[in-house]
Amino acid sequence: MVDDRIFPDSLQRVLERSTTLKGKLDALFGLSDFYSNRDTAKALGYARQSIGLSKQDAYLSAIAHFYLAGVYFEFDADRSQQEYLYAEKLLRPFPQKEALIYRSRAWNNYGAIEQRRDNSRAYIDILINKALPLAQQAGDSTRVALNYHNIGLVLLNMGEHERALQY
């Protein structure tokens, strides 16, 4: 369990003391993510700071856009989806496992917004054809399992019990 008082202070110290771009950005990403469902203004501030700081590194810039999308997730679904698609596009040239995982996560989150809009079919399509294959390509068994779990739950909620059982 994350201690809500200690965790952000710890990340703030990492941000202040880090001597590398990646170290600073990892702290900003963590702070943005931490505050995304606690204090939107703070989360947005950290995400925007990461966007500015990451401009010199295409890979880290893509990840910064992923975290910016996460800030918008709860209060501006359209902007969130735009940012997830942009992050996914920026990550495509990078073949490393971490990039594939971020792409899978971006698609999953994009699809989750579709589900919130009562478009469960689109979410299943995104999970099966985008998020799951990227997780498999990355060799991330945990993310693969989460995608199967999400597919099964959505199908179950849609009353497709036999198909849900397959997942």
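The values are calculated or read from the model by the stated rules, or taken from the named source; none is laboratory data. These figures come from a predicted structure and were not determined experimentally. As a convention, Cβ positions derive from the backbone with ideal geometry for all residues, glycine included, and neighbour counts pool all protein chains shown. Accessible surface areas use protein heavy atoms only, side chains included; no ligands, DNA or RNA. Shrake-Rupley method; radii C 1.70, N 1.55, O 1.52, S 1.80 Å.
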**Request:** Return the total of residues in region 72-102 being within 25 Å of Asp118 (Cα to Cα) and either modelled with pLDDT of 95 or more or not hydrophobic (A, V, I, L, M, F, W, C) (or both).
**Result:** 17
**Prompt:** Pick from region 73-102 the residues that are under 17 Å from Asn37 (Cα atoms) and open to solvent by 90 Å² or more (accessible area, probe 1.4 Å): which of them is farthest from the chain's Cα centre (by Cα)?
**Reply:** Phe75
**Asked** Counting just the residues of region 157-167 that are surrounded by 14 or more Cβ atoms within 10 Å (Cβ to Cβ) and assigned to a helix (DSSP H, G or I), which one comes out farthest from the chain's Cα centre (by Cα)?
**Response** Arg163
**Which listed residue is β-branched (Val, Ile, Thr), out of contact with any Cys (no Cβ under 9 Å at 6 or more places or on another chain) and in contact (Cβ under 8 Å) with a residue 24 or more places away in the chain, from Ile63, Ile51, Ile6** = Ile63
**Fill in**
Output for Cβ contacts, cut-off 8 Å, separation at least six or different chains, first residue part of a loop (DSSP other than H, G, I, E, B) in region 81-97, second modelled with pLDDT of 95 or more, reads Arg92/Arg103; Pro93/Ala58; Phe94/Tyr59; Phe94/Ala62
**Request:** Name the residue, out of Asn147, Asn109, Asn129, that is under 23 Å from Ala62 (Cβ atoms), without any contact (Cβ under 8 Å) to a residue 60 or more places away in the chain, touching a Gly at 6+ places or on another chain (Cβ under 9 Å) and among the polar types (S, T, N, Q).
**Result:** Asn109
**Message:** If I ask for residues that are of a type in the set (S, T, N, Q) and open to solvent by less than 30 Å² (accessible area, probe 1.4 Å), which ones from region 2-46 would you list?
**Reply:** Ser18, Ser32, Ser36
**Prompt:** Does any residue of region 144-156 turn out to be within 14 Å of the chain's Cα centre (by Cα) and either modelled with pLDDT of 95 or more or assigned to a helix (DSSP H, G or I) (or both)?
**Reply:** yes
**Item:** Qualifying residue in region 103-122 (condition: farther than 25 Å from Gln166 by Cα, among the polar types (S, T, N, Q), open to solvent by 40 Å² or more (accessible area, probe 1.4 Å) and modelled with pLDDT of 95 or more)
**Value:** no
**Complete:** Contact list, first residue from region 16-44 and farther than 18 Å from Ile6 by Cα, second anywhere and of a type in the set (Gly, Ala, Ser) and open to solvent by 80 Å² or more (accessible area, probe 1.4 Å), beta-carbon distance below 6 Å, six or more apart or interchain, is none
**Item:** So Ala69, is it in contact with a Phe, Trp or Tyr (Cβ under 6 Å, 6 or more places away or on another chain) and at pLDDT 95 or above
**Value:** yes
**Complete:** Exactly one of Ala99, Ala87, Ala62 is closer than 24 Å to Val14 by Cβ and in contact with a His (Cβ under 9 Å, 6 or more places away or on another chain), and that residue is Ala87
